[in-house]
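Engineer: One structure coming up, written as structure tokens, with questions to follow.
Rule-based calculations on the coordinates, nothing more; no lab input. Just so it is clear, the model here is predicted, and its values are computed rather than measured. Counting neighbours? That spans all protein chains shown, and the Cβs are built from the backbone with ideal geometry, glycine included.
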Amino acid sequence: MEEHRVLMNIAYPDDKELFEIQKTAALEHFPPDEAEVRAKMAVDYIRTGERKTQEETIQENKPGIVKLASNFMKAVSRHVKSGAKQVDKETYEKRMSICDTCVFRQGNRCSHASCGCFLAKKASWKSESCPIGRW
Ligand code: SF4
């Protein structure tokens, strides 16, 4: 096992490439949200030898306050530029029901590293999409 980890480190020095390989493998067994987290857990393990839980991985990778503010401002900008359009009630409810089953949902926020937005707003804005393509 340790030998495999060392070999993976040598073969894949680029984190993004290693993540994509792990994610492709995880998608064969898990839904997209869980596959993302499991791929990140695998990369962390390969790089450090430390095994983290799913919850620890989500917490460590969720956007900090600066990134969160930046992501939110980008979302607001897209929303305004697109004419501040809202989705219909059915679409909103469908989006929220998908978020309800997602490992990245933490309370009323999406904790994915490239998001962090309030879900009630994000799901209601036509310009927005799920960062992992679930809606
Ligand atoms: S927006 Fe996507 S990643 Fe975020 S909680 Fe909803 S389904 Fe999950």
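Engineer: Taking segment 43-59 on its own, how many of its residues are among the aliphatic types (A, V, I, L, M) and under 22 Å from Arg105 (Cβ atoms)?
Structural biologist: 1
Engineer: Can I ask one more? Just to confirm my filter: which helices (runs of 4 or more DSSP H) fall fully inside segment 1-103 and include at least 3 residues that are closer than 28 Å to Trp125 by Cα, over 16 Å from the mean Cα position of the chain (by Cα) and not basic (Lys, Arg)?
Structural biologist: Counting at least 3 such residues, we get 65-81, 89-100.
Engineer: Let me ask you something else. Enumerate the pairs (first residue in segment 108-135 and touching a residue at least 60 places away in the same chain (Cβ under 8 Å); second residue anywhere and part of a helix (DSSP H, G or I) and buried (at least 19 other Cβ atoms within 10 Å of the Cβ)) with beta-carbon separation below 7 Å, excluding pairs fewer than 6 apart on the same chain, so at least 6 apart or on different chains.
Structural biologist: Ile132/Asp33; Ile132/Glu36; Arg134/Asp33
Engineer: Within segment 114-133, count every residue that is out of contact with any His (no Cβ under 8 Å at 6 or more places or on another chain) and buried (at least 18 other Cβ atoms within 10 Å of the Cβ).
Structural biologist: 8
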